[in-house]
1. Please work out if ARG229 is crowded, with 16+ Cβ neighbours inside 10 Å, closer than 27 Å to GLU116 by Cβ and at pLDDT 95 or above.
2. When the residues of region 184-207 are filtered to those that are farther than 18 Å from LEU224 by Cα and surrounded by 20 or more Cβ atoms within 10 Å (Cβ to Cβ), which remaining residue is farthest from ligand 3 (Cβ to nearest atom)?
3. Of the numbered conditions (1) assigned to a loop (DSSP other than H, G, I, E, B); (2) buried (at least 16 other Cβ atoms within 10 Å of the Cβ), HIS119 fails exactly one; give the number of that condition.
4. Out of VAL113, VAL99, VAL95, VAL198, which single residue is within 14 Å of the chain's Cα centre (by Cα) and at pLDDT below 95?
5. Checking CYS268 against (1) over 26 Å from the mean Cα position of the chain (by Cα); (2) surrounded by fewer than 16 Cβ atoms within 10 Å (Cβ to Cβ): exactly one of these is not met. Which one?
6. Any residue in region 86-108 that is closer than 28 Å to ILE6 by Cα and outside any helix (DSSP H, G or I) sitting within a Cβ distance under 6 Å of a residue that is charged (D, E, K, R) and within 11 Å of ligand 1 (Cβ to nearest atom)? List the pairs, counting only those 6 or more apart or interchain.
7. For region 41-59, enumerate the residues that are among the hydrophobic types (A, V, I, L, M, F, W, C) and either part of a strand (DSSP E or B) or free of Cβ contacts under 8 Å to residues at least 40 places away in the same chain (or both).
8. Please go through (1) exposed (fewer than 15 other Cβ atoms within 10 Å of the Cβ); (2) at pLDDT 95 or above for ASN76 and return the number of the only condition it doesn't satisfy.
Amino acid sequence: MRGTIIKSTGSWYMVQDENGGLLQCRIKGKLKLKGMESTNPVAVGDTIQYEMEPGTENGVISNVEDRKNYIIRKSNNLSRQTQIIAANLDLAVMVATLVTPSTSMGFIDRFMVTAEAYHIPVLLLLNKSDLYQEDLKQYAGEVKAAYASIGYRVLEVSAKTGANMDLLVAELKGKTSLLAGHSGVGKSSILNYLEPGVNRKTAAISDYSSKGVHTTTFAEMFELKGGGRIIDTPGIKDFGVVDMKKEEVSHYFPEMRKLINDCRFNNCLHVNEPGCAVLKAVEEGSIHPSRYRSYVSIMNNEDIRH
Ligand SMILES: Nc1nc2c(ncn2[C@@H]2O[C@H](COP(=O)(O)OP(=O)(O)O)[C@@H](O)[C@H]2O)c(=O)[nH]1
Ligand SMILES: [Mg+2]
Ligand SMILES: [Zn+2]
């Protein structure tokens, strides 16, 4: 029998069967990891095969089908182990805010590079637009323009007032989407706005810093009544760009990708080489300085292979 993982708590998996029913499953023995050093062999969004455990209402997962794509992060800074956040996505939604807590363009870019590497389309949401005034409003406009000029979809929304949420609904329709971003940016609030029945826990920022709590502990998938599915995730502090070669990194910056054939050297890394088309575009202002800074920072990351 086949099903989809909609929640994983580590030892148990909530599975939706092909008729829409729910059952709990566990893993028997060691599932083959297919060459991945991941801490979780089964992730939300995975399509799995299972058998019923005799005499119970529970299933045993016997196989994980090949993933179309996935988003991973490093389990922690010290190990090379990775954790699969979610699999088989049609859309990765980067939820960012410019206030409480503000999201850096560097963080946004590392997420986008991770998504580009697996050909997952990205939507950038600037949430809490109700709090943007004057300077911030202008800054939001600049961030929006910077990403839109690269070709990314960007929406300024508010889970509080509902501003532009109709546009978000249209973007999500019929897709399996991931909500990613730091703790406190409003991922669960957005989900609650879209599907009030879901009743996700949310927390004021002050609660995080004082207690260090994460209201959302596990990634979990929900159905959207308009068609489609959405995955809420715990706050993600950072994305390590995992398993990427230096020569590949510019391929995951769409505004660089289209220039790399114009560089004088075909092994150009776009750092200090003469005749580099990317450096020329940075000088001329057609590549945003902040995007180029993100590129250099990823290139200097110790995890990038030489
Ligand atoms: N002013 C304002 N506050 C928001 C908005 N969205 C979420 N919040 C607040 O931000 C805090 C964190 O929200 P939460 O949904 O728990 O964030 P998550 O950690 O990303 O799931 C809560 O206090 C929410 O009420 C918004 O659009 N505007
Ligand atoms: Mg949350
Ligand atoms: Zn170059």
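The values are calculated or read from the model by the stated rules, or taken from the named source; none is laboratory data. No experiment lies behind these values; they were computed from the predicted model shown. When we count neighbours, we look across all protein chains shown, and the Cβ atoms used for this are built from the backbone with ideal geometry, even at glycine.
1. Spelling it out, ARG229 is indeed crowded, with 16+ Cβ neighbours inside 10 Å, closer than 27 Å to GLU116 by Cβ and at pLDDT 95 or above.
2. The extreme case among them is GLY184.
3. With respect to (1) assigned to a loop (DSSP other than H, G, I, E, B); (2) buried (at least 16 other Cβ atoms within 10 Å of the Cβ), HIS119 is out only on (2).
4. Answer to the selection: VAL113.
5. (2)
6. VAL95/LYS187; THR97/LYS128
7. Of everything in region 41-59, those that are among the hydrophobic types (A, V, I, L, M, F, W, C) and either part of a strand (DSSP E or B) or free of Cβ contacts under 8 Å to residues at least 40 places away in the same chain (or both) turn out to be VAL42, ILE48, MET52.
8. Here ASN76 meets the rest and fails (2).
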